[in-house]
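Working notes, beginning with the structure itself.
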């Protein structure tokens, strides 16, 4: 059975993103928004059984594109100071910060710095120590698995807060599934100890240099990393008054 | 506020030349003597406290390396209550998410609901469209919940030290608040009352009288708790100077909430990053500088009074906004239900169902689509924090533009704060471990999620 969708041209992210695509050119490099999902059809039905008429629908989903200057508010100041502090520490800003995303649009925008993994620790140290940045409180790490973002499948998102300046931002680091290594930030933020263990437990990201990277929520001998998208929910069908309700991950769903 | 340490201490040698004038006795079991004699100088003794131990607030496992009565190393083992709530949320609609996250920290369910809903609203771009009455109800419910949660902390903390009366008073007071919750949401816990866009239903008639009655009762019980604990020499002997954690330690370990404020830093998300209109309420953030377990008890009591102050302001605003909507006007987001108390308890309004089923096919289709498919949330990610009774609760939401969260992560304050157990307990007595853990107030449902 051939998939009717396979021979059709896949729309590019900028076509589907519409007004939120922004500029794709940041500095001298071209940064593509990250495709995190490619939806096909509708209602989760594929092949000949699909009579919905939506069978040929192919829709890539991309995260908001990198922003261009001015970022707005205090974001520009923070990025400028970070570039300066990194320069003094001998780290090129363009190499360390791959892109800057301002999302969601509007007054309540939040700043996300996409940082190259090899420069994560110096960036965190700069963010924590410089008196004009002072992101002294780390509120943890959360992993996200984007199986369609080829070469950058696993993301670790660090949530930093500056109590001094009443600001908060995100630092996002990506690593490929084939080489799931990210340097540990516990030397800068000891609070990330358990959060990194949790991210290892649920996503399989190895935090190099972590003092004791062991599973924290799942049993020590658990196979696999449960929060990854390719890990099934593991529900069992429920029988109620003669009818069988399938587990939520195998139910017909809206794509 | 200053707390002068008493000249004696329950778990340490007397200070200076303090002499209670009472002869001391030591009791020891025969078996234990043999074990200790064999182990001395040879091997270390590691004692597992929990996961089934009454003083560990659920299923916390403490691994203590002890030398006599002194704890030389303390480590936490968690995960015994992990239920995969975050994973489950990825398979349900955005609205159903509240039903899941309310079950995380079961002593403070309304905070998870609010944080999650604020995050979803931010992604939807409807933060400013949430009706004022809905925000007032959220604040009212959260502050009552904060008092209820602190009461459990103080009550169980007292119980663990043998003060059963503290527990019975605290739980009696909490009962008053749970009755209010039951009247508003239909449930005493696991409410799923706060929904993206507002709240599920307006507060019932006569709530103001009920809450005002509860306020009087809770104040009375809080006064009794204060009288029982704060000047009690035995209580102070157990708590003053125990479980100290400095400001630097708190910041390094990401500790927030009463534990951070007991070091003197007035960091409160309600003031630092206001949400739900907290900037318009009049309340103080109590702090202390002793940074010990006793000061945390005092702070929790103080916070209860501050919360009651906010509740009173909420009641005035509720009276002013009577009849106003409690859900966004956008019918593509607002759940098309109208709840009413039927003969069988709480349920859908029969008039509303009759209208949908009998008069409008479009309304029926819309109802069906919204309930089964849910609404779509624009692509992106957001981070929303609220001041939870135990610290800063963060919600990281990622949307792929679908009807379900792509990822929902909760940064539970108890999870993070448990990292401080080693620092707070090592070098102290085994009996101090119980007090120190109680001052962190971990709730394992939130820790393990």
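Every number in this text was worked out from the coordinates using simple rules, so none of it is lab data. This is a predicted model, so every value here is computed, not measured. Don't worry about glycine lacking a Cβ; one is built from the backbone with ideal geometry, like all the others, and counts go over all protein chains shown.
Per DSSP helix of 4 or more residues, -39500 (n - 2.57); summed, then divided by the residues of chain B. What does that give at 222 nm, rounded to the nearest 500?
Working: 18 runs with 208 residues, N = 449.
Rounded to the nearest 500, it is -14000 deg cm²/dmol.
Using 0.36 nm times the number of residues separating residue B:248 and residue B:362, minus their current alpha carbon distance, what extension gain do you get? The partial results should precede the final answer.
Details: separation 114, 0.36 × 114 = 41.04 nm, distance 6.01 nm.
Going from the current span to full extension adds 35.0 nm.
If Rh is defined by the Kirkwood formula over all Cα pairs and Rg also comes from Cα, what ratio Rg/Rh do you get for the range A:75-208?
Working: Rg = 14.1 Å, Rh = 14.9 Å.
Taking Rh as the inverse mean 1/r over Cα pairs, Rg/Rh reads 0.94.
Normalising by the residue count of the range B:118-263, find the relative contact order in percent from Cα pairs under 8 Å and 6+ residues apart. Provide the component values of the computation, followed by the final result.
Working: 104 pairs, mean separation 30.0, N = 146.
That works out to 21 percent.
In whole Å, what is the distance between the alpha-carbon centres of the range A:179-208 and the range B:84-115?
The range A:179-208 and the range B:84-115 have Cα centres spaced 25 Å from each other.
If each residue's Cβ is checked for other Cβ atoms within 10 Å, how do A:145, A:195 rank with the fewest at the top? List each step's numbers first, then the result.
Numbers: A:145 22, A:195 29.
Going from least to most buried by this count: A:145, A:195.
Could you list A:185, B:83 in order of exposure, starting from the residue whose Cβ has the fewest other Cβ atoms within 10 Å? Working shown, then result.
Numbers: A:185 29, B:83 14.
Least crowded to most crowded, the residues run B:83, A:185.
Taking 0.36 nm per residue of separation and subtracting the Cα-Cα distance, what length does fully extending residue B:132 through residue B:309 add?
Details: separation 177, 0.36 × 177 = 63.72 nm, distance 1.90 nm.
Length gained, residue B:132 through residue B:309: 61.8 nm.
Between residue A:244 and residue A:92, how many nm apart are label points set 7 Å from Cα along the C-beta direction?
About 6.0 nm separates the two model spin labels.
Would you compute the Debye intensity of the protein assembly as shown from its alpha-carbon atoms alone, equal scatterers and no solvent, and pass along log10 I(q)/I(0) at q = 0.05, 0.06, 0.09 Å⁻¹ to two decimals?
Taken in order of the listed q values, log10 I(q)/I(0) reads -0.26, -0.38, -0.84.
Post the alpha-carbon centroid distance, the range A:52-68 to the range B:343-408, in whole angstrom.
The range A:52-68 and the range B:343-408 have Cα centres spaced 23 Å from each other.
Using alpha carbons only, how many degrees (0 to 90, rounded to 10) separate the axis of helix B:132-160 from the longest principal axis of chain B?
Relative to chain B, helix B:132-160 is tipped by roughly 20 degrees.
Treating the angle as unsigned and between 0 and 90°, give the value, to the nearest 10°, between the Cα long axis of helix B:30-39 and the longest Cα principal axis of chain B.
80
Taking all pairs of different Cα atoms in the range B:182-235, averaging 1/r and flipping that mean, what Kirkwood radius in angstroms comes out? Mind dumping the intermediate values first?
Values: mean 1/r = 0.0720 Å⁻¹.
Result for the range B:182-235, one decimal place: 13.9 Å.
If I take every Cα pair under 8 Å that is 6 or more residues apart in chain B, average their sequence separation and divide by the length, what percent do I get for the relative contact order? Let's see the in-between values first.
Details: 801 pairs, mean separation 112.9, N = 449.
In percent, rounded to a whole number, it is 25.
Looking at the range A:75-208, send over the antiparallel percent of its DSSP beta bridges, to the nearest 5.
Details: 22 of 29 bridges.
Within the range A:75-208, antiparallel bridges account for around 75 percent of the total.
So what does the Cα-only Debye profile of chain B read at q = 0.07, 0.10, 0.11 Å⁻¹, as log10 I(q)/I(0), no solvent term?
Calculated log10 I(q)/I(0) at the listed q: -0.39, -0.75, -0.88.
Angle, helix B:430-440 long axis vs. longest principal axis of chain B, Cα atoms, 0 to 90°, nearest 10?
Rounded to the nearest ten degrees, it is 20.
Arrange B:317, B:138 by Cβ neighbour counts within 10 Å, fewest through most, would you?
So the residues, fewest neighbours to most, are B:317, B:138.
Does the range B:247-313 classify as rounded, prolate or oblate by the C-alpha gyration tensor (a ≥ b ≥ c root eigenvalues; a/c under 1.5 gives rounded; else a/b over b/c gives prolate, otherwise oblate)?
Details: a/c = 2.99, a/b = 1.48, b/c = 2.03.
Oblate, because a/c is 1.5 or more while a/b does not exceed b/c.
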